[in-house]
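Participant: I have a structure I would like to understand better, so I am pasting it below and will then ask my questions one at a time.
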Amino acid sequence: MRWFSSPAAVAEAPTTADGLTVDLIAGKGWTILPEADSDWRSHTATVAQSVKLIKKRLKWGWILERSRQLSVVLERPDLWDDPVFTGKVSREHGELMGKIKSVNQFEQELMEHIDMLRLAREEDDNELETVGTSLPYMI
C-alpha cells in the first residue's frame, strides 16, 4: 500500500523509441553548433547537456536517495503520532518530488522531440523537422 510517497516518479529515466537517454546523448559527444544552424543532433546535445547540468546542480543522486528515504518514513504506520514531524517530512518529500517531476518532464519532452524528429526525417517532412529543432529554447 502506498500512502503519500510516489516512488513511481523516479523509477526510470525517459528513453526514445530506440533506447536513448539524456546520459547516452550527452555521452555521444555530438557537436553543439551555433543557434542559427538547425542540426537536430546539435539541438539534442544542447538540451541533454542542460539537463545534465541541472541534475548536477540539484545534486540529483542525493535527491533520489533522500526521496526514497522520505518515502519509507511516510509509509510508517506510526507516522501521524507526531504531526509536526509528519508535516516537515511531507513538505520536504513534496519539494523533492516536484524537482524530480520537473527534471523528468524535461527529459521526457526531449525524448519525444527526438522521436518526432526521426519520424520527420523518415517522412522527409522539413517543416516538422524545423519546428522540432526549436526544443532547446523551451528550457
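The values are calculated or read from the model by the stated rules, or taken from the named source; none is laboratory data. As the structure is a prediction and not an experimental result, all values here were calculated from the model. Neighbour counts run over all protein chains shown; Cβ positions are idealised from the backbone, glycine included.
Participant: Within region 76-104, track down each residue that is charged (D, E, K, R) and either in contact (Cβ under 8 Å) with a residue 12 or more places away in the chain or touching a Pro at 6+ places or on another chain (Cβ under 6 Å) (or both). Reasoning before the result, please.
Facilitator: So the first thing to find is which residues in region 76-104 are charged (D, E, K, R), and the list is 76, 78, 81-82, 88, 91-92, 95, 99, 101.
Result: GLU92, LYS99, LYS101.
Participant: Still on this structure, please answer the following. Collect the residues in region 81-139 that are modelled with pLDDT of 80 or more and either touching a Phe, Trp or Tyr at 6+ places or on another chain (Cβ under 8 Å) or outside any helix (DSSP H, G or I) (or both), keeping them in residue-number order.
Facilitator: Filtering region 81-139 for residues modelled with pLDDT of 80 or more gives 81-120, 122-123.
Within region 81-139, ASP82, THR86, SER90, HIS93, VAL103, ILE114, LEU117 qualify.
Participant: Now for a different question. Regarding region 39-53, can at least one residue be identified that is surrounded by fewer than 16 Cβ atoms within 10 Å (Cβ to Cβ) and at pLDDT below 95?
Facilitator: Among the residues of region 39-53, at least one is surrounded by fewer than 16 Cβ atoms within 10 Å (Cβ to Cβ) and at pLDDT below 95, which makes the answer yes.
Participant: Restricting to region 70-80, give me the number of residues that are under 22 Å from ILE100 (Cα atoms) and outside any helix (DSSP H, G or I).
Facilitator: Total meeting the criteria: 1.
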